[in-house]
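Here is the structure we will look at, set down as structure tokens.
The values are calculated or read from the model by the stated rules, or taken from the named source; none is laboratory data. Just so you know, these numbers come straight off a predicted model, no measurement behind them. With ideal geometry, Cβ positions are generated from the backbone for all residues, glycine too; neighbour counts draw on all protein chains shown.
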Amino acid sequence: MQNLQKEADLARDYLEKIATLAEKKFDEHLPPETDIPCNLHKAMRYSVFAGGKRLRPGLACAAFELFGGKGDSIWYATSALEFLHTFSLIHDDLPCIDNDDLRRGKPTAHKQFGEATAVMSGDALCVLAFELIAKTGNPQAMESLAHKLGTYGMIGGEMTDIDSEGKDVSLEVVDYIHYHKTAALIEASLVIGAQLAGASESDIQKVEAYGRSIGLAFQIVDDILDIVSTTEELGKDAGSDIASGKATYPALVGLDNSRKKAQELYEESLKQLEGLHGDTSVLKAIAAFIITRVK
């Protein structure tokens with residue numbers, strides 16, 4: 001456990017470094033609040049700059065660096081990935097979906113700006129993300145992002161999650177939801193970072209498999225924290241999964257087995273990095289960070 005915490009601390013330092021750089025680009029890439037429609041632009045910035053781990057930009061940069069990427073194209077990708085993640089959170093929090101009032105310790109977008117503006121701000125972030133990924137000049141990266149976001153990716157996972165509320169579902173359905181709703185965009189971050197660096201297809205497949213494992217682990221840990229943490233600790237409404245009858249690992253197999261599964265996925269992720277040339281220490285550290293996080 002001590003070694004895991006040490007690895008997690010290394011990841012935290014790396015993610016904080018990338019966050020500082022990436023957030024400067026977010027500011028450049030987002031419309032100014034003074035431009036019409038001002039309230040829409042204010043809502044977009046409010047949600048993007050509400051905080052967060054900046055995990056997806058960090059993973060994209062780690063993959064880009066691992067495969068010797070050069071140039072500034074990665075910063076278009078980091079903004080695109082974070083804007084898409086933010087879009088998903090804005091819509092996820094809406095009364096018609098999860099009906100959450102808090103996100104990262106602050107009022108959710110629809111509480112702060114109203115439902116209509118929240119919906120439009122999420123839509124605008126999604127469109128802006130594709131404008132930015134187009135600026136990388138890499139059609140393969142754009143295709144990867146669209147596929148991982150769409151009905152066979154994150155949006156499909158969200159829809160299945162909604163359809164499964166209050167129902168008895170199998171572990172296979174929970175895995176489907178977790179993979180599509182959470183792991184798909186984590187995979188996309190790694191794949192796009194590798195693609196922009198010019199990695200081989202076999203190497204891209206390795207980091208994609210790693211992304212699947214850490215993405216599934218991330219969501220299981222999220223489900224655990226929803227039960228064992230307070231609203232103040234999480235910065236969002238604790239216990240909301242149980243209250244809304246969400247399909248989660250703890251609901252099906254209990255907390256202990258959920259923790260074991262997260263550990264198995266962590267170990268699996270390390271195996272998937274084997275055979276890659278270059279320094280994979282950052283990716284290993286991020287995997288440790290994911291299973292030891294407390295919020």
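Restricting attention to the range 38-97 and to residues that are in a loop (DSSP other than H, G, I, E, B), among the basic types (Lys, Arg) and within 18 Å of the chain's Cα centre (by Cα), the residue that is nearest to residue 191 (Cα to Cα) turns out to be 54. Scanning the range 84-99 for residues that are of a type in the set (Val, Ile, Thr) and surrounded by fewer than 22 Cβ atoms within 10 Å (Cβ to Cβ) turns up just one, 97.
Every condition in (1) more than 19 Å from the chain's Cα centre (by Cα); (2) assigned to a helix (DSSP H, G or I) holds for residue 191 except the one numbered (1).
Test residue 139 against the criterion of being modelled with pLDDT of 95 or more and out of contact with any helix residue (DSSP H, G or I) (no Cβ under 8 Å at 6 or more places or on another chain), and give yes or no. Let's see the steps before the verdict.
Working: modelled with pLDDT of 95 or more: yes; out of contact with any helix residue (DSSP H, G or I) (no Cβ under 8 Å at 6 or more places or on another chain): yes.
Considered against the rule, which asks whether it is modelled with pLDDT of 95 or more and out of contact with any helix residue (DSSP H, G or I) (no Cβ under 8 Å at 6 or more places or on another chain), residue 139 comes out as yes.
So, of the residues in the range 222-251 that are closer than 20 Å to residue 164 by Cα, of a type in the set (Val, Ile, Thr) and assigned to a helix (DSSP H, G or I), which turns out to be modelled with the highest pLDDT? So the residue we want is 224.
Name the residue, out of 150, 137, that is farther than 13 Å from residue 89 by Cα and free of Cβ contacts under 8 Å to residues at least 40 places away in the same chain. Spell out how you get there, then give the answer.
Numbers: 137 fails: free of Cβ contacts under 8 Å to residues at least 40 places away in the same chain.
Answer to the selection: 150.
Applying the selection to the range 244-258, what residues are closer than 23 Å to residue 55 by Cα and either surrounded by fewer than 16 Cβ atoms within 10 Å (Cβ to Cβ) or touching a residue at least 60 places away in the same chain (Cβ under 8 Å) (or both)?
To start, the set of residues in the range 244-258 that are closer than 23 Å to residue 55 by Cα comprises 248-249, 258.
If the condition is that a residue be closer than 23 Å to residue 55 by Cα and either surrounded by fewer than 16 Cβ atoms within 10 Å (Cβ to Cβ) or touching a residue at least 60 places away in the same chain (Cβ under 8 Å) (or both), then 248, 249 are the ones that fit.
Quick check: is even one residue across the range 88-100 touching a residue at least 24 places away in the same chain (Cβ under 8 Å) and in contact with a Leu (Cβ under 7 Å, 6 or more places away or on another chain)? So far as the range 88-100 goes, no, none of its residues is touching a residue at least 24 places away in the same chain (Cβ under 8 Å) and in contact with a Leu (Cβ under 7 Å, 6 or more places away or on another chain). What are the pairs with Cβ atoms under 6 angstrom where one residue, in the range 273-295, is in contact (Cβ under 8 Å) with a residue 12 or more places away in the chain and the other, located anywhere, is of a type in the set (Phe, Trp, Tyr) and part of a helix (DSSP H, G or I)? Sequence gap at least six, or different chains. Here the result reads 273/210; 282/14; 287/266; 290/218; 291/266, each pair linking the range 273-295 to a residue that is of a type in the set (Phe, Trp, Tyr) and part of a helix (DSSP H, G or I). For residue 110, state whether it is more than 20 Å from the chain's Cα centre (by Cα) and either surrounded by 21 or more Cβ atoms within 10 Å (Cβ to Cβ) or under 20 Å from residue 177 (Cα atoms) (or both). Spelling it out, residue 110 is indeed more than 20 Å from the chain's Cα centre (by Cα) and either surrounded by 21 or more Cβ atoms within 10 Å (Cβ to Cβ) or under 20 Å from residue 177 (Cα atoms) (or both).
Against the condition surrounded by fewer than 22 Cβ atoms within 10 Å (Cβ to Cβ) and at pLDDT 95 or above, how does residue 187 come out, does it pass?
It is false that residue 187 is surrounded by fewer than 22 Cβ atoms within 10 Å (Cβ to Cβ) and at pLDDT 95 or above.
For residue 13, the criteria (1) of a type in the set (D, E, K, R); (2) surrounded by fewer than 22 Cβ atoms within 10 Å (Cβ to Cβ); (3) under 14 Å from the mean Cα position of the chain (by Cα) hold in every case but one, which is (3).
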